[in-house]
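The values are calculated or read from the model by the stated rules, or taken from the named source; none is laboratory data. Predicted model only: the values in this text are computed from it and were never measured. Methodologically, a virtual Cβ is constructed for each residue, glycine included, from the backbone with ideal geometry; neighbour enumeration extends over all protein chains shown.
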Amino acid sequence: MILENGETRFLSFQTFTIKIELLEIFKTYQTRVNMRLLLVEDEPDLGAAIKQILNYEAYVVDWFLDGSQAWLYLESGWTQYTLAIIDWMLPGLSGLDLCKLLRQNSSLPVLMLTAKDRLEEKIIGLDSGADDYLVKPFDMAELLARLRALRRRTPELQPRNLQVGCLTLNYSTHEVIRQYSHGEKQIISLTVKEFQLLEYFMRHPHQIITRDQIINQLWEIGAEPVSNVVAAQIRLLRRKLEGDSSESLIETIYGIGYRLRIEN
Ligand code: CA
């Protein structure tokens, strides 16, 4: 059979039912995806620098060096993004054309990068569907400020503290506050990957999340981890969240995946 994501699999009925449920969960996640960004920039040093700073801000970044490759991937619909940063001058398909194609069926906020700084060229860039425009060379602080501004314009993209049951996730500090039933509060600092992982779980409390879903959402294209990395990350996150407590929050569903068990 062919799943909506294009994968062809032969499945038993029981597995098929689980797969359909997971696909539904995945679709829910796609509509709420918060931390995934598309970067199309053909200058290796600049692309690497942008990706590094965005990773530090806890974005999962898919970086393409070629406009056509980026479009092929976008067209597949496999990944939904929160924001896109697209360079104007690109091999394959120009940033301008990529932006026009995107606009045919998507409202993805686009920040366009370019060395072109003449007024008429800015107008062409904005008319192609870009939401904002940043002229090279620019300061990374300005890039981050522009991205924050783009998110503010789209209220559903605005990260706020996320509260689910006894956990409150802080997007600014990458900390989670755990409130215990006896009233005590614990503030826990998270690494970027732990933060992304917990955010994903907190957006899907009580739902089973597979290792493949975690990899598809939290690892960049081409950066899929070796087999035990997800389990190791879950262990680290569990240790931080659970400390000496016997209340286990992340449950392992053997052979399928993981589930955040939390009182709403
Ligand atoms: Ca370029």
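Name every residue in region 232-264 that is in a helix (DSSP H, G or I) and loosely packed, with under 14 Cβ neighbours inside 10 Å, in order of residue number.
Listed by number, the residues that qualify are ALA232, ARG235, ARG239.
If we keep just the residues of region 122-136 that are within 17 Å of LEU83 (Cβ to Cβ) and not hydroxyl-bearing (Ser, Thr, Tyr), which is surrounded by the fewest Cβ atoms within 10 Å (Cβ to Cβ)?
The extreme case among them is LEU126.
Mind listing whichever residues of region 56-78 are more than 13 Å from LEU147 (Cβ to Cβ) and modelled with pLDDT of 90 or more?
Across region 56-78, the qualifying residues are ASP62, TRP63, PHE64, LEU65, ASP66, GLY67, SER68, GLN69, ALA70, TRP71.
Pairs under 6 Å by beta carbon, first residue away from the ligand (no atom under 12 Å from the Cβ) and in a helix (DSSP H, G or I) in region 26-53, partner of a type in the set (Val, Ile, Thr) and at pLDDT below 95, six or more apart or different chains?
Partner pairs satisfying both residue conditions: LYS51/VAL61.
Okay, residues lined up against (1) surrounded by 15 or more Cβ atoms within 10 Å (Cβ to Cβ); (2) within 13 Å of the ligand (Cβ to nearest atom); (3) assigned to a loop (DSSP other than H, G, I, E, B); (4) among the aromatic types (Phe, Trp, Tyr):
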{"residue": "ILE86", "(1), (2), (3), (4)": "yes, yes, no, no"}
{"residue": "GLY92", "(1), (2), (3), (4)": "yes, yes, yes, no"}
{"residue": "CYS99", "(1), (2), (3), (4)": "yes, no, no, no"}
{"residue": "LEU108", "(1), (2), (3), (4)": "yes, no, yes, no"}
{"residue": "GLU120", "(1), (2), (3), (4)": "no, no, no, no"}
{"residue": "PHE138", "(1), (2), (3), (4)": "no, no, yes, yes"}
{"residue": "ARG148", "(1), (2), (3), (4)": "no, no, no, no"}
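Residue by residue, here is whether (1) surrounded by fewer than 17 Cβ atoms within 10 Å (Cβ to Cβ); (2) modelled with pLDDT of 95 or more; (3) in contact with a helix residue (DSSP H, G or I) (Cβ under 9 Å, 6 or more places away or on another chain) holds:
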{"site": "LEU39", "(1), (2), (3)": "no, yes, yes"}
{"site": "ASP45", "(1), (2), (3)": "yes, yes, no"}
{"site": "ILE53", "(1), (2), (3)": "yes, no, yes"}
{"site": "MET89", "(1), (2), (3)": "yes, no, yes"}
{"site": "ALA145", "(1), (2), (3)": "yes, no, no"}
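What single numbered condition from (1) closer than 23 Å to THR82 by Cβ; (2) modelled with pLDDT under 90; (3) surrounded by 14 or more Cβ atoms within 10 Å (Cβ to Cβ) fails to hold for ALA223?
(3)
Which residues, counting only those in region 150-180, are acidic (Asp, Glu) and either modelled with pLDDT of 90 or more or surrounded by 15 or more Cβ atoms within 10 Å (Cβ to Cβ) (or both)?
GLU175
Take LYS100 and tell me if it is of a type in the set (Lys, Arg) and more than 25 Å from the chain's Cα centre (by Cα).
Against the criterion (of a type in the set (Lys, Arg) and more than 25 Å from the chain's Cα centre (by Cα)), LYS100 does not qualify.
Search region 196-214 for residues that are closer than 14 Å to ILE253 by Cα and pair each with any residue that is in a helix (DSSP H, G or I) and among the small types (Gly, Ala, Ser) when their beta-carbon atoms are under 8 Å apart and the residues are at least 6 apart or on different chains.
Close Cβ pairs satisfying both conditions: ARG211/ALA231.
Residues are listed down the side, and each one gets a yes or a no for (1) of a type in the set (Gly, Ala, Ser); (2) within 19 Å of LEU143 (Cα to Cα):
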| residue | (1), (2) |
| --- | --- |
| ILE53 | no, yes |
| ASP66 | no, no |
| ALA70 | yes, no |
| THR82 | no, yes |
| ASN105 | no, no |
| LEU111 | no, yes |
